[in-house]
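What follows is a set of notes on a single structure, which appears directly below.
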Amino acid sequence: MKTTKNPIFLIPTDFSEVCANAARRAASMAKDYNYKLVLLHVIDKNTLSELKKENKGLEWINIKLQELANSLVSEFVIQVDTLAREGDIFTTIAEVAEDLNASLIFLGTHGKVGMQKVTGSFALKVITSSEVPTIVVQKRPFGHGISKIVMPITSDTGPWAKTKWAASIAKEFNAKIMIYHLPGDELEDVITMITNHFTVNDVNFTIEAADKGGNFTKQVIDYATAENADMILIMTNPDKSLRSFLLGSYDEDIIFNTSQIPVMCINPRDFNWKKIVPR
């Protein structure tokens, strides 16, 4: 995990309502934590088709980006840059995030509206394209900052990278990590080592076990909702080549949760996709 990220939030937008909501969510955090926003529109075939249909030129993209930037600056008094780049949302967003060395991507996901229809499998492909953690935002507006982050633990594979990211995010944004894990003794060593890491790094945390026999995904969402959590933190699963990442039904149900709680998705790399093992 890189520890020298720039204080930049990248917000891809197709000028839909949900993308504007993602931008406002990012702007609220940027104000609280002194970050800069970069609004990005990827000019792809969908953009060109929409512009042709509306009889507009490419300059319209820059005008819309600046309008959104101006509204965010006026409301939140933060620094906002804009960027329009030709490409494909499935690769260009990740490339721009890497070029900027951005800390986080805020991705608005929605139904079949908006210029680029970032929904369902399209959203998942965007999420898994980048090494930069992505916060998925739906239509529901949220308040300022991040104070409570639910961190589900389901196995002893992968949590080390998630633990380090959780500690980093908690320290950066002064948040509490709420560990929520599958019931049973199988994860006892994992939970112990995670909590030891949090303790050593002065991370505020709580621990809660799910009920036996219940649907864990539903329990995670219900727990996060009941606790008024600001975010759920999950990690995608790498494929065998570790060059791309897979999201299963559990991940999708969490990401597109009906409570519309924002979800941070972390894509691991081979050096940190490890089991936590006793030393």
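The values are calculated or read from the model by the stated rules, or taken from the named source; none is laboratory data. Since we're looking at a predicted model, the values are computed, not measured. Don't worry about glycine lacking a Cβ; one is built from the backbone with ideal geometry, like all the others, and counts go over all protein chains shown. Side chains included, ligands, DNA and RNA excluded: accessible areas come from the protein's heavy atoms. Shrake-Rupley method; radii C 1.70, N 1.55, O 1.52, S 1.80 Å.
Things to note:
- Region 11-64: equivalent-ellipsoid semi-axes (sqrt of 5 x gyration tensor eigenvalues, Cα, Å): 27, 10, 8
- Here's the picture: a label point sits 7 Å out from the Cα of E50 along the beta-carbon direction, and within region 1-32 the residues with their amide nitrogen under 14 Å of it are 12-21.
- Among the listed pairs K139/K218; K31/K56; K148/K218, those beyond 22 Å (Cα-Cα): K31/K56
- Extension gain, N101 to R140: 0.36 nm times the residue separation minus the Cα-Cα distance gives 11.2 nm.
- Long-range amide H partners of L107 with built H, under 5 Å: I135, V136, V137
- Heavy atoms of L100: accessible area, 1.4 Å probe, square angstrom to 10: 40
- Sequence-ordered 3J(HN,Hα) estimates for region 41-53 from the Karplus curve with 6.51, -1.76 and 1.60 and θ = phi - 60° stand at 10, 8, 7, 10, 5, 5, 4, 4, 5, 5, 5, 5, 5 Hz, glycine and proline given as x.
- Other residues whose C-beta falls under 13 angstrom from the C-beta of K139 contribute a net charge of +2, scoring Lys and Arg +1 and Asp and Glu -1.
- Simple label model, 7 Å out from Cα along Cβ direction - N204 to E59, nm: 5.1
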